[in-house]
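Take a look at the structure set out below.
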2 protein chains.
Amino acid sequence: MGTALNALKMLEYFSNSQPEIGLSQLSRLSGANKATTLRHLRALEEFGLIEQNPMSKSYMIGPAALRLAALREIAKPGLEGARSQMRSAMQVVGESLHLSLLEKDTLKTALVVETTQHSVRVSLDPTEIIPINATASGLCMLSFGPTFLFERLGSDPLTRYTDQTLTDPDTIRERVKLVGRAGWANSNGSYEDGVYGFASPIFGIDQIAIGTIAIAVPESRATSERLPAILSSLHTLTHELTANFGGQIPETFPTEFHPRQAVDSIPGEPRNERFQLSEGK
Amino acid sequence: MGTALNALKMLEYFSNSQPEIGLSQLSRLSGANKATTLRHLRALEEFGLIEQNPMSKSYMIGPAALRLAALREIAKPGLEGARSQMRSAMQVVGESLHLSLLEKDTLKTALVVETTQHSVRVSLDPTEIIPINATASGLCMLSFGPTFLFERLGSDPLTRYTDQTLTDPDTIRERVKLVGRAGWANSNGSYEDGVYGFASPIFGIDQIAIGTIAIAVPESRATSERLPAILSSLHTLTHELTANFGGQIPETFPTEFHPRQAVDSIPGEPRNERFQLSEGK
DNA sequence: AGTGCGTGGTTCATTTATTGAACCGTGTTA
DNA sequence: TAACACGGTTCAATAAATGAACCACGCACT
């Protein structure tokens, strides 16, 4: 059941590393018979979603993809799509959300959705540049974003915002490693006192983060029982937003987010009803 | 025959003016049964090429389009695709081809493919800005491009390049009208003496020209018997390149190019073995 | 309240297109 | 020269797509 879908699935096997695929190879990859593979390719080709290299006889994604993408942008401009996804996530977790995108070499706020459920909320300036050393989003970007961000860490002095702010490049590198394993990052008052941040990456087509999605929780609501809900929202947002922007999640990316994999805690603070984030390390 | 293709054809009905379509309406548009329409949409939705607005229940192009477009750019970057299409056209007509794209408000050379079949050929400087009043490409752009180009015609003085160059805005407007009906434009030595130019538009997603494709013929080979071949090459190039850049041909665009619809001739020159371009007017 | 119409979506017997093993011709490699 | 992998084709068997009728819902107009 679902011939059309099976045909479309042929498109899944094209990737950055393998933009052209031959008939037999695609037949092997998809597990379908060579004849059916060919039929599917022909159908896709007629529509323009597949193009055959007349020399090598191998197949690649066709120009119709561009037309559809342009139409998509009309139907749902990138940020509009992101906004509605963030809104529905906001309904679930009841906290403010914050989408930032990497522009050149700085992480900039692209979209803010504030919670409508609480009067005490984290309000963020939408014009702000996100400091890479002081926020969960920044750690995420260092871990999943372009390597140059990580490499030149510490070449410029890191600004201190609160007494929790990380300013030592080496400790930041350590945390970034943990973020890479966990898939998400958190920060506790390292940018603004009383604000707990949780962030996960949004990937581009090349499986490198193009931005982050973050949930900001005021200290008063930062109880550990709410953490699983936050993380699961974050996880689905990473997938939805990556899809929304036309990106691709790396295969190595965690399939779920574990509360115990937090990278930041409040040193010296006794375990209490607040997030106990680093006990599992 | 071709279920997958029928499913994909559902995507054809989405447009700038109609980015969201409901089930019944799409069923009517496509002529397919409502049940099959729904099945197709479901298949496309599962792949991500269709997304349903949960509120209005109507459908729109999905985020997978963006992913595919990004893959397409990897497999065949826009200009690379254009180059190979121009090469094969060059093999057919045996003349130099010239792709220009509108950048801001000037028409710039993007790609030049010179003929390999003749030693006498038209060579074009690839860094050149194409004067809109003196070339076939310019006339095409005025006719099919953004309206502001046409509207502010004559607000700046028009440069004269040869004694054939058009510098009077009113006569240019007259020619542009003809080009709009014909679908293609020609120029005879209005930019450089001895060069016959033939151009047709390349359309963007909004059915407005984003550039032009031109064939440049040296006077020595400008015989009228070669005109049909040139025009048919131009016509297929308009379609291929428009597809290559993800654009869409307007419904009103001519389905073929007629030699008699030429807009430019050599005033005063007797009819001879050269192109007799305006005799049909 | 009721009536009619348009909507999105479902059902199931009928029809029709999809499927895949085997096959062909060609080019490459050993 | 022989074996192999490639792209592509054939055709009987089969499994999937199809569409008329139908349902439930919402809305506008009497």
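If you scan the stretch A:41-60, which residues turn out to be of a type in the set (Gly, Ala, Ser) and more than 9 Å from chain B (Cβ to nearest Cβ)? Outline the logic, then answer.
Start the filter on the stretch A:41-60 by keeping residues that are of a type in the set (Gly, Ala, Ser), which leaves A:43, A:48, A:56, A:58.
Selection gives A:56, A:58.
The residue that is farthest from residue A:19 (Cα to Cα), among those in the stretch B:82-92 that are free of Cβ contacts under 8 Å to residues at least 60 places away in the same chain and within 11 Å of chain A (Cβ to nearest Cβ), is B:88. Across the stretch A:7-29, the qualifying residues are those that are within 22 Å of residue B:46 (Cα to Cα) and crowded, with 18+ Cβ neighbours inside 10 Å, and the one among them that is farthest from DNA strand C (Cβ to nearest atom) is A:14. Filtering the stretch B:6-30 to residues that are farther than 16 Å from residue A:49 by Cα and among the small types (Gly, Ala, Ser) leaves B:15, B:17, B:22, B:24, B:27, B:30. When residue B:49 is tested against (1) of a type outside the set (Ser, Thr, Tyr); (2) surrounded by fewer than 20 Cβ atoms within 10 Å (Cβ to Cβ); (3) farther than 30 Å from residue B:150 by Cα, just one condition goes unmet, and that condition is (2).
Selection of the stretch B:21-35 for residues being more than 14 Å from every other protein chain (Cβ to nearest Cβ), within 18 Å of residue B:61 (Cβ to Cβ) and within 10 Å of DNA strand D (Cβ to nearest atom) yields only B:27.
Would you check if residue B:90 is at pLDDT 90 or above, under 30 Å from residue B:238 (Cα atoms), surrounded by fewer than 22 Cβ atoms within 10 Å (Cβ to Cβ) and not assigned by TED's automatic domain parsing to the domain that holds residue B:239? The answer is no for residue B:90.
Checking the stated criteria, residue B:3 turns out to be crowded, with 16+ Cβ neighbours inside 10 Å, within 11 Å of DNA strand D (Cβ to nearest atom) and over 17 Å from residue B:53 (Cβ atoms).
Restricting attention to the stretch B:36-47, the residues being near DNA strand C (Cβ under 9 Å from one of its atoms) and either in contact with a Leu (Cβ under 9 Å, 6 or more places away or on another chain) or more than 20 Å from residue A:8 (Cβ to Cβ) (or both) number 4.
Quick one: which of B:99, B:111, B:79, B:68 is within 11 Å of chain A (Cβ to nearest Cβ) and under 29 Å from residue A:16 (Cα atoms)? Walk me through it before giving the result.
Numbers: B:99 fails: within 11 Å of chain A (Cβ to nearest Cβ); B:111 fails: within 11 Å of chain A (Cβ to nearest Cβ); B:79 fails: within 11 Å of chain A (Cβ to nearest Cβ).
Residue meeting the stated conditions: B:68.
For the structure I just gave you, tell me whether residue A:69 is buried (at least 18 other Cβ atoms within 10 Å of the Cβ), more than 14 Å from DNA strand D (Cβ to nearest atom) and in contact (Cβ under 8 Å) with a residue 24 or more places away in the chain. Taking the combined requirement at face value, the residue satisfies it. Of everything listed in (1) more than 29 Å from residue B:154 (Cβ to Cβ); (2) touching a strand residue (DSSP E or B) at 6+ places or on another chain (Cβ under 8 Å); (3) modelled with pLDDT of 90 or more, the single unmet condition for residue B:213 is (1).
Just the residues that are within 17 Å of residue A:210 (Cβ to Cβ), in contact with a Pro (Cβ under 8 Å, 6 or more places away or on another chain) and among the hydrophobic types (A, V, I, L, M, F, W, C), please, taken from the stretch A:134-157. Outline the logic, then answer.
Start the filter on the stretch A:134-157 by keeping residues that are within 17 Å of residue A:210 (Cβ to Cβ), which leaves A:135-150.
So of that shortlist, the ones also in contact with a Pro (Cβ under 8 Å, 6 or more places away or on another chain) come out as A:138, A:140-141, A:143-145.
Matches in the stretch A:134-157: A:140, A:141, A:144.
If the requirement is being within 7 Å of chain A (Cβ to nearest Cβ), at pLDDT 90 or above and assigned to a helix (DSSP H, G or I), which of these qualifies: B:38, B:8? If you could, list the steps in order and put the result at the bottom.
Details: B:38 fails: within 7 Å of chain A (Cβ to nearest Cβ).
Step by step, each of B:38, B:8 is checked, and only B:8 is within 7 Å of chain A (Cβ to nearest Cβ), at pLDDT 90 or above and assigned to a helix (DSSP H, G or I).
Which members of the stretch A:187-213 meet the condition of being within 14 Å of chain B (Cβ to nearest Cβ) and either touching a helix residue (DSSP H, G or I) at 6+ places or on another chain (Cβ under 8 Å) or of a type outside the set (D, E, K, R) (or both)? Spell out the reasoning first.
Within the stretch A:187-213, the subset within 14 Å of chain B (Cβ to nearest Cβ) is A:202-208, A:210.
Hits for the stretch A:187-213 are A:202, A:203, A:204, A:205, A:207, A:208, A:210.
The values are calculated or read from the model by the stated rules, or taken from the named source; none is laboratory data. Computed from a predicted model, the values in this text were never measured in an experiment. Here Cβ is always computed from backbone atoms with ideal geometry, including for glycine, and neighbour counts include all displayed protein chains.
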